[in-house]
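Chemist: Here it is, the structure in full.
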Amino acid sequence: MSEAERNHDPLIGATLGGLYHVERLIGVGGMGRVYEATHTHLGKAFAVKVLPEGRADKPDATERFLREAKLATKIDHDHIVKIVNFDSDDEHRLFIVMELLQGENLADRLDRGALPVDEAIEIARQTGEALQAAHDAGIVHRDLKPENIFITQKNGKDFVKVLDFGISKIKNPEHGDPKLTATDQIVGTPLYISPELARGVSSVDHRTDIYGLGVIMYEMITGSPPFTGQNHFQLLYKHGNEAPDPPSQRSKKANIPAHVESAVLCALEKDPDDRFESMSDFCAALEGPTVPRRARTLGVPLLVAAVVAGVAFVLWPSPAPEEPSEPEVPVPAPVTEKSDDPAETSQTEAPVELVKIELNSRPGRAFVALNGEKMGRTPLTLELEPGVEATVRFSLQGYRAQEHRLVPSKDDALVVRLKQKSRPKPPPIKTDF
């Protein structure tokens, strides 16, 4: 919208409800125009969303507008935009009064390219916290997209606010299952829509938001959403039927950690049952696997403490029973000459502690080769030397093989989704007449 169009907006200069003096137009969306307005008594600026006049007489639009105000207030979370008031004026214009945010939405930030992985994880984490609070209140957003994730600043850091609960759905039985319209079969934005919404499934749960945030996370770390198309129908088909490329294949320079890729692909599963059980689980997986330290790393300090205290027992993990073996003949240690160099005698080479990489595939039971050497089938755990590049290859009959290069630094996990090989088309049937 041009500056001239903004200045000629008929509401600029008007006072809504006798309290909110409209200063300027901030933005335009499908459900209304958003203005900056000043409270005439308090002198404080607010954001005011006004339902367009052409839609104010439509019951479904009015219901959706009212729902946005009610649901956002019901959740009351720091990462959800605060709703201050909902009212109408003498000219029957419906409007929602919200806190005025300074910053930009995620769509504007993504226009400048992909984000660093750490920055993307932090935005997803804060967004996930807001959505988890909504899910705990029995509310599913259903229209996650970068335009509905606003990034402001707090204490010098990015602070997320989730917007627009207009097509949210209440899933608690006591609230019923209201529909916005009689034909409300497909809701959401096609670039970010879940497979179940793309198929027109009317009964969806919180896992549809997990898919939506998975799409957004994919775009944040690669610079583009997993699926694109020339029209809505192509996008709906792809979300419902096609597997996304692993993010590391889409953006090889982004250095995407294996656990982040695994978490995103899990969130993008077609079947909701294959996704994370909760938004909190998804966000935790993005931040990294929590692998407990081996008990033996605690053994030495505990042993020392026990000896000093004169305790008669030592806390030590019990070794697993071993198969009987032939007795070993003790071999005397080789005699080495003692060096006169104190620096040489004081330094001993510490053993390298390997890191564990848990491998899995969808479908499972894929063959795994490490640097060309067969290791077994998924699920499989490899122990690799930190900082040393390794090539892991997944293969399964009927599916395209995938290779991933790893430079492990800590315990991690990698899940790959194999794509089926295209089937050859059958030869044309010849008929003689």
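Derivation of every value follows stated rules applied to the coordinates shown; laboratory data play no part. Not measured: the values here are computed from a predicted model. Positions of Cβ are generated from backbone atoms using ideal geometry, with glycine treated the same way; all protein chains shown enter the neighbour counts.
Chemist: Residues in the range 248-291, backbone N under 11 Å from the label point at Ser203 (7 Å along the Cα-to-beta-carbon vector): list them, ranges by number please.
Modeler: No residue qualifies, since no backbone N sits under 11 Å from the label point.
Chemist: Then there is this: Using the count of nearby Cβ atoms within 10 Å as a rough guide to exposure, how do Ile357, Ile26 rank from fewest to most? Don't skip to the end; give the middle numbers.
Modeler: On the way: Ile357 22, Ile26 16.
With the fewest neighbours first, Ile357, Ile26 line up as Ile26, Ile357.
Chemist: Using a cut-off of 12 Å between beta-carbons, work out the net charge of the residues near Lys238 (Lys and Arg +1, Asp and Glu -1, Lys238 not included). Present the calculation step by step, with values, prior to reporting the outcome.
Modeler: Numbers: positive: Lys270; negative: Glu242, Asp245.
Residues close to Lys238 contribute a combined charge of -1.
Chemist: Oh, and also: Pop a pseudo-label 7 angstrom from the Cα along the beta-carbon direction at both Ser395 and Arg24 and give the gap in nm to one decimal.
Modeler: 6.2 nm
Chemist: So, one more: Roughly how big is the range 355-417's charge dipole about its Cα centre, with Cβ charges of +1 (Lys, Arg) and -1 (Asp, Glu), in debye to the nearest 20?
Modeler: Using only the charged Cβ atoms, the result is roughly 420 debye.
Chemist: Moving on. How much length would be gained if the chain were fully extended between Leu11 and Thr228, taking 0.36 nm per residue of separation minus their Cα-Cα distance, in nm to one decimal?
Modeler: Numbers: separation 217, 0.36 × 217 = 78.12 nm, distance 3.71 nm.
Extending this stretch completely gives an extra 74.4 nm.
Chemist: Another question, if that's okay. What is the gain in length, in nm to one decimal, between Lys356 and Leu66 on full extension, counting 0.36 nm per residue of separation less the C-alpha to C-alpha distance? If you can, show how the numbers build up before the last one.
Modeler: On the way: separation 290, 0.36 × 290 = 104.40 nm, distance 5.16 nm.
99.2 nm is the gain from fully extending Lys356 to Leu66.
Chemist: I'd like the distance between the alpha-carbon centres of the range 116-161 and the range 61-107, rounded to an integer number of Å.
Modeler: The range 116-161 and the range 61-107 have Cα centres spaced 17 Å from each other.
Chemist: Can you tell me the order of 137-149, 9-21 when each peptide is scored by its average per-residue count of other Cβ atoms within 10 angstrom, highest first?
Modeler: Listed from highest to lowest mean packing, they are 137-149, 9-21.
Chemist: I would also like to ask the following. Could you tell me the calculated FRET efficiency between Ala107 and Asp271, based on Cβ-Cβ distance and R0 = 41 angstrom, to the nearest 0.05?
Modeler: Approximately 0.90, to the nearest 0.05.
Chemist: Taking a threshold of 28 Å on the Cα-Cα distance, which of the pairs Lys157/Lys253; Lys252/Lys374; Lys157/Lys238; Lys145/Lys356; Lys70/Lys270; Lys238/Lys410 fall above it?
Modeler: Beyond 28 Å: Lys157/Lys238; Lys145/Lys356; Lys70/Lys270; Lys238/Lys410.
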